[in-house]
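Engineer: If you scroll down you'll find the structure; I have some questions about it.
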Amino acid sequence: MHSLLEKLHKDHINLDQVLTLLSSQLDHFYAGRESNFDLKIELMEYLEAYADQGHDPLENRIFNVAKRRMGEQRELLERLQSQHEGLEQLTKQFRQSLENILQGGVMTREELEVQGREYIALQRQHLDLEESEVFPVVDRVMTEEDWREVMADLPTYDDPVFDAPDKIRFHNLFEYLSQAEERDDA
């Protein structure tokens, strides 16, 4: 597998970890247990900062080059690119809902949970489709020349949590992840 696809695969593992944490926070919230809204908002900010601004643009760049070699499967790449746009909007919408509640806005637990669960499900379906169907085909059809073209115009953006940690901006997320590592090591 090409190194860029390996990087995207690693990103997907990290994104799944973030989605699992978000799902757990929604479980706590819906059950009426303590739920950290600052952490949930940071999770959504991370998804905006990296998935929407770094990860997806890299995928789109690869998909644009791969489309030339995909034949009938070209539509699948176009659908994924369209999903990137839709997921970006859903990310912002869910973050805004969380911020609204934190600032005293009114939304039922059920409404927030449905919005969050739908978001998580759509993200996971999208990641699964890329992993199971798209990445293997892209890796098979793209040539070294195609990869050089992608690399020549590569959007550069470090993952602000897993690659180039921004411990100030994502303080709550880092605190939670370090506590989870300590629990795993114990």
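The values are calculated or read from the model by the stated rules, or taken from the named source; none is laboratory data. Please read all numbers here as calculations on a predicted model, not as lab measurements. Reconstructed Cβ throughout: ideal geometry from the backbone, glycine too, with neighbour counts over all protein chains shown. We work out accessible area using only protein heavy atoms, side chains counted, and drop any ligands, DNA or RNA first. Shrake-Rupley method; radii C 1.70, N 1.55, O 1.52, S 1.80 Å.
Engineer: On the given criteria, is residue 100 of a type outside the set (D, E, K, R), in contact with a Leu (Cβ under 6 Å, 6 or more places away or on another chain) and assigned to a helix (DSSP H, G or I)?
Structural biologist: Values: of a type outside the set (D, E, K, R): yes; in contact with a Leu (Cβ under 6 Å, 6 or more places away or on another chain): no; assigned to a helix (DSSP H, G or I): yes.
No, not satisfied.
Engineer: Do we find a residue being in contact with a Pro (Cβ under 7 Å, 6 or more places away or on another chain) and more than 15 Å from residue 123 (Cβ to Cβ) anywhere in the stretch 6-25? First the steps, then the outcome.
Structural biologist: Restricting attention to the stretch 6-25, the residues satisfying the condition of being in contact with a Pro (Cβ under 7 Å, 6 or more places away or on another chain) are none.
Checking the stretch 6-25: not a single residue is in contact with a Pro (Cβ under 7 Å, 6 or more places away or on another chain) and more than 15 Å from residue 123 (Cβ to Cβ).
Engineer: Can you report the number of residues in the stretch 152-178 which are over 18 Å from residue 51 (Cβ atoms) and either basic (Lys, Arg) or loosely packed, with under 14 Cβ neighbours inside 10 Å (or both)?
Structural biologist: Result for the stretch 152-178: 6.
Engineer: Filter the stretch 85-105 down to residues that are open to solvent by less than 70 Å² (accessible area, probe 1.4 Å) and in contact with a Phe, Trp or Tyr (Cβ under 9 Å, 6 or more places away or on another chain) and give me whichever is nearest to residue 122 (Cα to Cα).
Structural biologist: 87
Engineer: Among the residues of the stretch 29-51 satisfying the criterion of being open to solvent by 10 Å² or more (accessible area, probe 1.4 Å) and in a helix (DSSP H, G or I), which is nearest to residue 8 (Cα to Cα)?
Structural biologist: First, the residues of the stretch 29-51 that are open to solvent by 10 Å² or more (accessible area, probe 1.4 Å): 29-38, 41-42, 45, 48.
This time we only want the ones that are in a helix (DSSP H, G or I), so: 29-30, 37-38, 41-42, 45, 48.
On the way: 29: 31, 30: 32, 37: 28, 38: 27, 41: 24, 42: 21, 45: 19, 48: 16 Å.
Per the criteria, the residue is 48.
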